[in-house]
There are 2 protein chains.
Amino acid sequence: MFILDHRIERDSILIAELPLSQLRLQNDQRYPWLVLVPKVEGAKEVHELKVDEAQQLLKESNVVANALAIVTGCKKVNVANLGNVVEQLHWHVVARFENDLTWPGPIWGIGEAECWEQKKRLTFVESLLKEIQSNQEIKVFPA
Amino acid sequence: MFILDHRIERDSILIAELPLSQLRLQNDQRYPWLVLVPKVEGAKEVHELKVDEAQQLLKESNVVANALAIVTGCKKVNVANLGNVVEQLHWHVVARFENDLTWPGPIWGIGEAECWEQKKRLTFVESLLKEIQSNQEIKVFPA
């Protein structure tokens, strides 16, 4: 059975269910930062997923990254699985800007998260989900 | 035409040609750190690749990550495309250990690279390529 790690649950907000993954917004308004958590019991590494699961994760990542780039107009999208702190497989999709806090360095482990202001968050999530849904490549169930 | 970015060429060593990507070893013996560079003109983002190219990159990443985990016995594999400094699409596959320099933080932008000692490098590359070739899922042409 898939059980979400309590640290992922604490640090991010479920915004939609995708066929393979939970789509979550990291609760840190310093970056437009999404996390895909494949609903696969015990998954830790992308290369340990079944072939069809890995391909679906890639597909979901690409749809989300594309929507994120369009909605934010970012300079670069960073995608990654690190998992050094929280082992449960989670896939980062982050919009980066030349004037963001840690550009051009990575975002992980820097300073303290700033929780999203609610109105700002709802507006961002609405735009993002609309863009993802317009793609029609994957089924999206808003949370 | 695919042209390798001069910074990637300077900082890493070609160890094999895969169907889509150059497989390169980052010239930094602080980490077992591989870089896949898809031979696709102008590629910057995974989500901008054609579907078959993205799936092939995933396949090559998974084969390389699996071999790297077996050869090194690492705690975790980190996979990522950042590209904030060098825009050309390059995909990191890095073996991480609980006693490595920056665990559990990310590896990028920390300190100075330590060039591989040649004998150590050749031994590592030989083991890695043997493991990748044993997989038989992708064609490998050692450099």
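Below are the figures for this structure:
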quantity: For A:Ser12, residues with placed amide H under 5 Å, excluding near neighbours; calculated: A:Asn27
quantity: In the range A:49-93, the trypsin sites (Lys or Arg not before Pro) that fall in loop regions by DSSP, at most 14 other Cβ within 10 Å; calculated: A:Lys50
quantity: Qualifying lysines (Cα of each under 19 Å from Cα of B:Lys75; at least 8 residues distant if same chain); calculated: A:Lys44
quantity: Estimated inter-spin distance, A:Lys50 and A:Phe97, nm [label 7 Å along Cα→Cβ]; calculated: 4.2 nm
quantity: Estimated 222 nm signal from helices in chain A, with DSSP H stretches of n ≥ 4 weighted -39500 (n - 2.57), rounded to 500; calculated: -10500 deg cm²/dmol
quantity: Mean Cα-pair separation over length for chain B, i.e. relative contact order, pairs under 8 Å, 6 or more apart, %; calculated: 30 percent
quantity: Partners for B:Lys119 among lysines (Cα-Cα distance below 19 Å; same-chain residues under 8 apart left out); calculated: B:Lys130
quantity: Rounded, prolate or oblate (a/c below 1.5 giving rounded, otherwise prolate when a/b exceeds b/c) for the range A:53-143 by Cα gyration tensor; calculated: oblate
quantity: Loop-located GluC sites (Glu not before Pro) in the range A:1-74 whose Cβ has at most 16 other Cβ within 10 Å (DSSP); calculated: A:Glu41
quantity: Ascending count of other beta-carbon atoms within 10 Å, so fewest first, for A:Lys130, B:Lys119, B:Lys44; calculated: B:Lys119, A:Lys130, B:Lys44
quantity: Three-way shape label, the protein assembly as shown, alpha-carbon gyration tensor, a/c 1.5; calculated: prolate
quantity: Sites matching GluC sites (Glu not before Pro) across the range A:83-143 that sit in DSSP coil, with at most 15 neighbouring C-beta atoms within 10 Å; calculated: A:Glu87, A:Glu98, A:Glu112, A:Glu114, A:Glu117, A:Glu137
quantity: Net charge dipole size for chain B [Lys, Arg +1 and Asp, Glu -1 on Cβ; Debye, nearest 20]; calculated: 340 debye
quantity: Proxy reagent accessibility, fewest Cβ within 10 Å first, across A:His90, A:His47, B:His6; calculated: B:His6, A:His47, A:His90
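No lab work stands behind these numbers, since they all come straight from the coordinates. Given the structure is predicted, the values throughout are model-derived calculations rather than measurements. So basically every Cβ, Gly included, is an ideal-geometry build from the backbone, and we count neighbours across all protein chains shown.
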